[in-house]
Amino acid sequence: MQPFMEKYQHIIIRLIVVIGVFLALFLIIATFGQVKSYKYIGSGLPASNVITVQGHGEVEKAPDTAKFSFTVQNEDKNTATAQDVVSKKVAQVKADLLAAGVEEKYLTTDSYNSYPDYQYNTVECFRAPCPSSQQTLKGYIVSQTVKVSLKDLTKSETVAGILGKDGVTSIDGPNLGFEDPHEVSNEARDQAIADAKTQADVLAKQLGVSLVRIVSFNENGGGNPMPMYNKAALSAVAPTAAAAPSIPTGVQTVTSDVTITYEIR
């Protein structure tokens with residue numbers, strides 16, 4: 001046994017050294033990774049020393065999209081006749097909208113319905129048992145709802161005028177907004193986060209502490225965009241029976257409020 005140990009002693013020593021080096025490297029890498037992970041939100045051990053700040057962001061932009069929806073409805077004792085009337089009216093509205101410059105791809109049918117319409121006749125009764133009320137089929141109601149999207153907001157008043165004179169049963173809109181609402185929301189959030197970071201830096205300096213990492217984040221959006229009109233635009237809202245309605249677009253305000261908690265030391 002002794003000759004064997006003496007013969008391979010240098011090899012055994014080298015193996016021990018190599019294993020020791022690998023273990024040391026592993027511990028260094030693991031420790032570095034653990035320290036680096038503290039930079040991420042909510043990572044590592046729960047923070048005991050923290051400060052919490054709020055930030056506000058607000059973006060005002062003119063809307064770039066207007067959306068309408070309109071419904072054409074007709075009732076007739078014959079379903080096919082009611083369908084034909086609705087189809088012709090919708091076709092006329094569509095033709096007028098296309099002539100006004102609305103792109104056909106932005107005209108889409110949202111719903112199409114057909115159902116019977118009954119009239120219930122009340123039966124006078126002076127003694128029990130009373131006969132049940134009678135129902136009579138009046139006809140069939142057919143309705144079609146179409147959505148209209150506008151990228152050129154200067155055509156909003158023209159579209160509203162067309163829908164108001166082409167035998168449309170009901171109109172919803174224009175609903176003004178953004179083609180990509182997330183883009184505007186992200187811009188407001190960026191402002192809110194920047195505001196919160198500024199507040200955190202100021203507070204940390206006043207307290208004489210250092211910011212370590214973010215341990216929590218919360219956003220409370222400001223709700224739907226709110227339209228804002230100038231006085232001149234509001235005074236223009238006075239449509240007459242002979243003219244298309246005036247639709248000022250104004251601007252919309254999108255807000256973001258964030259709360260950020262930092263670990264300090």
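Quick note: the coordinates plus some simple rules give every number you see, no bench work behind them. Treat the numbers as computed from the prediction; the structure is a model and nothing was measured. Heads up, the Cβs are rebuilt from the backbone with ideal geometry, glycines too, and the neighbour counts pull from every protein chain shown.
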Kindly put Thr169, Thr109, Thr255 in sequence by how many other C-beta atoms sit within 10 Å of each C-beta, fewest to most.
Thr109, Thr169, Thr255
Under the rule rounded for a/c under 1.5, else prolate if a/b exceeds b/c, else oblate, using alpha carbon gyration tensor axes a ≥ b ≥ c, region 65-176 is classed as prolate
Count the net charge of all other residues whose Cβ sits under 13 Å from the Cβ of Leu98, scoring Lys and Arg as +1 and Asp and Glu as -1.
-1
Distance from region 192-218 to region 138-175 (C-alpha centre basis), Å
51 Å
Could you line up Ile193, Ile16 from fewest to most neighbouring Cβ atoms inside 10 Å?
Ile16, Ile193
If you put +1 on each Lys and Arg Cβ and -1 on each Asp and Glu Cβ, how big is the dipole of region 65-176 around its Cα centre, in Debye rounded to 20?
60 debye
Around Leu203, under 15 Å between beta carbons, what's the net of Lys plus Arg minus Asp minus Glu among the other residues?
0
Would you list which aspartates and glutamates come within 20 Å of Lys205, measuring only between C-alpha atoms, while excluding same-chain residues fewer than 8 positions from it?
Asp195, Glu263
Within 14 Å, Cβ to Cβ, of Asp257, how many net charges do the neighbouring residues add up to if Lys/Arg are +1 and Asp/Glu are -1?
-3
How do Val142, Val209, Val202 rank when sorted from fewest to most other Cβ atoms within 10 Å of their own Cβ?
Val202, Val209, Val142
Would you count, across region 65-176, every pair of lysines whose alpha carbons are under 13 angstrom apart, provided the pair is eight or more residues apart or spans two chains?
10
